[in-house]
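Visitor: Here it is, the structure, as C-alpha cells.
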Amino acid sequence: MKRLPNIFLLLFLFSFLGFKSDKYIQKKHIGKVISDFSLLNVDGRVVSLKNYPNAKGFIVVFTCNHCPFAKLYPERLNSLSEKYSALDIPLLAINSMDTAVYDEESFALMREKANQDKFTFPYLYDADQVVGKNFNADHTPHAFIIWKSNNQWLVKYAGAIDDNGEHPELAKSFIEISLKELLENKEPSNPETNSFGCRIYYRK
C-alpha cells in the first residue's frame, strides 16, 4: 500500500483544491429544500429518496475515486452507514465529478472502488451533475444531513465529516454530533463547517 501524503502536504494542496477558511463560509446550504432524485447505484439499481419510506433523514456525502482526502474516509463512512441505517438514517454517497475532467471517475471505476472498499451503502453516479448542483456541493468529501420536515427534505448540516482526516481515532465527528441533536428534536449547534477536498467542476 502506498504511504498517504503527509498531512502538511495535504493541507497545502487542498488550499488550492477546495478548502474554505472560516471567512469564506457563507451559510449557503442550511434550510435548503432538496428535491428527490434518481441515480444509478454501482450495483445497477436506481436509487432515490423515496426508496426509504421510513427514513427520518439521510447522510449524503459527495465523494469520488481520485481525491486523496476522500480516500481517507471509506472505513468511517461504512461505520456511519451501519450505525445510522439502523436508526432509519441511511447514508448515500454520490459522485458528481466530471468524467471529462477526471478519467478516474468512470462508472466502471466507481464499481471497482465500492468493491475494494467494501462499501455498505449506495455509491451513486450523478452523471449529469444535477444532484450536486441541487445540494451546492463543491468538493469531495462534502457531507450533508437532510431531515424530513413537513414532507420536505431540508439541509440541516453541511460541511466536514469530522475534524481529523489523517487520524480517525482523534477525530470529532460533526456528523454524529449533529445527528444526536436532531434525534433529540434540536437544531444542530454547529450546522455548517469548513472542510478539505478536491473541487467538483461543473459543466455549464
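Bear in mind that the values in this text are calculations on the coordinates, not laboratory data. Keep in mind it's a predicted model, so treat the numbers as computed, not measured. Cβ sites come from the backbone with ideal geometry, for glycine too, and all protein chains shown count toward neighbours.
Visitor: Quick one: work out the % antiparallel among DSSP beta bridges in the chain, nearest 5.
Guide: In the chain, approximately 75 percent of DSSP beta bridges are antiparallel ones.
Visitor: Right, something else. So if I take the centroid of the Cα atoms in the range 24-70 and the same for the range 123-151, what is the distance between those two points in Å?
Guide: 4 Å
Visitor: Let me ask you something else. Length gain on complete extension for the stretch ALA100 to GLU184, per 0.36 nm per residue less the alpha carbon to alpha carbon distance?
Guide: Difference between extended and current length: 25.9 nm.
Visitor: Calculated from the structure, percent of Cα pairs over 31 Å apart equals which of (1) 11; (2) 8; (3) 40?
Guide: It is the one labelled (1).
Visitor: Name the residue from ILE145, ILE177, LEU91 whose Cα lies farthest towards the positive end of the charge dipole of the chain, charges +1 on Cβ of Lys and Arg and -1 on Cβ of Asp and Glu.
Guide: The residue sitting most towards the positive pole is ILE145.
Visitor: Let me ask something additional. Let's test the formula: R0 of 35 Å, r as the Cβ-Cβ distance of ARG203 and GLU169. What FRET efficiency results, to the nearest 0.05?
Guide: That gives a FRET efficiency of 0.35.
Visitor: Another question about this same structure. Using helices alone, I'd like the mean residue ellipticity at 222 nm for the chain: each DSSP H run of four-plus residues gives -39500 (n - 2.57), total over residue count, nearest 500.
Guide: When only DSSP H runs of four or more count, the value is -7000 deg cm²/dmol.
Visitor: Let me ask something else about it. To the nearest 20 debye, what charge dipole does the range 75-204 have about its Cα centre, counting +1 at the Cβ of each Lys and Arg and -1 at the Cβ of each Asp and Glu?
Guide: 360 debye
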